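In what follows, a single structure is set out as structure tokens and then discussed.
What follows draws every value from the coordinates through simple rules; no lab data is involved. Please read all numbers here as calculations on a predicted model, not as lab measurements. Positions of Cβ are backbone-derived with ideal geometry, glycine not excepted, and every protein chain shown enters the neighbour counts.
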Amino acid sequence: MSFRLVLERGGRTVSAARYFETTDGAKIYYEDDGEGQPIVLVHGWLCSSRFWQKNVPELADEFRVVTIDLRGHGNSSKTLSGHTIAQYARDVQQVIEHLDLHDAVLVGWSLGGPVVLSCYQQSCSDSRLKALGLVDTCPFPFSPEDWNSHALRNYSFDGMHATFAACTADQRKFAAGFTHRMFKQKPSDADADWVVAEMMKTPPWIAEAVYSDFVMSDYFKTLPSIKVPLIVFGGNSGVFPKGIAMGKAIADQAPHGTFLPFEDAGHILFYEQPRKFNAALRAFIKAL
């Protein structure tokens, strides 16, 4: 089931914005732009499809670009259940099947990275996925291993609970702090405002439910089993201080992994350096 919308976003008309209803009744907002090789972009925790606003217009000149608001995020419905990485992956898979996409390049940023890995894990023999992309992500935040640059490394339950307490006590303050950690350079007031406003669309109870599953889930062990080409992007930031080293370690685990560092951008590297990101993703896809 889908509903077609016509919107104005960032100065451009989005004529293919729709809702898709999953088998368990969640309504997933997505946008479908351009034609050609499909690219599916999956955002991170507390974020939305709007974060790809500097990437979609350019990529859609050559590719079919689908962006999705994960369950409970952005314009998607705020369901009481299903806030796990595995269920988010099933939601993404259902959208891909609904659009009848084949040979898609599935790209996930931050929490969206494990969603992508789970999607591959659940449908790795499916012809719908041709390649994967991971953007400044951590596939197992609780991991005690040296590769892990996440703040909750080594099973920091106290850190997780402190994060939840801060988010619940003052969600706007929490979102503002998170926003500034994502950027390499201090964001403009306009950027900070829209990012915080977008993050406020995810209720704290949803944020905490899926984040709990995210930090406890080990998708690092999935990397060696990936048979399709994988591109990994990474930067150093307040979110992942050693994100470049972590990104390289992630790419090295995959049989067909490629790593691209972003020294001059942070966690939101595709927004800070859209031309570099778009060009690299385009070159990766053309070489498939």
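Basic side chains Lys and Arg get +1 at the Cβ, acidic Asp and Glu get -1 at the Cβ, and with that the dipole of the range 194-288 about its Cα centre reaches some 420 debye. Legend: calculated FRET efficiency, ALA169 to HIS102, from the Cβ-Cβ distance at R0 = 30 Å, rounded to 0.05, equals 0.05.
Under a Cβ-only charge scheme (Lys and Arg +1, Asp and Glu -1), can you give me the dipole magnitude of the chain about the Cα centre, in debye to the nearest 20?
Approximately 180 debye in magnitude.
The alpha carbon gyration tensor of the range 123-187 gives principal lengths a ≥ b ≥ c with a/c of 1.5 or higher and a/b greater than b/c, which makes the shape prolate. Partners of LYS27 within straight-line reach, counting lysines whose Cα lies under 19 Å from its Cα and excluding those fewer than 8 residues away in the same chain: LYS78, LYS201. For the range 188-279, the list of trypsin sites (Lys or Arg not before Pro) that fall in a loop by DSSP and count at most 13 other C-beta atoms within 10 angstrom reads LYS227. Of the GluC sites (Glu not before Pro) found in the range 179-288, the ones in coil according to DSSP and having at most 15 other Cβ atoms within 10 Å of their Cβ are GLU263. With Cα atoms defining each centre, the range 13-71 and the range 74-98 are spaced 13 Å apart in the structure. If the chain linking HIS256 and ASN154 were pulled fully straight, counting 0.36 nm for each residue of separation and taking away their Cα-Cα distance, it would gain 33.9 nm. Could you please report the charge total around GLN93, scoring K, R as +1 and D, E as -1 over all other residues with beta-carbon less than 12 angstrom from its beta-carbon? Net charge around GLN93: -1.
Taking 13 Å as the straight-line reach from the Cα of LYS54, the aspartates and glutamates in range (excluding those fewer than 8 positions away in the same chain) are ASP191, GLU272.
Net charge within 13 Å of MET160 by Cβ-Cβ distance, Lys/Arg positive one each and Asp/Glu negative one each, not counting MET160 itself? Result for the neighbourhood of MET160: -2. For the chain, the residue among VAL196, THR67, LEU117 whose Cα projects farthest onto the positive side of the dipole built from Cβ charges is VAL196. Multiplying the residue separation of LYS227 and ARG275 by 0.36 nm and removing their Cα-Cα distance gives an extension gain of 14.5 nm.
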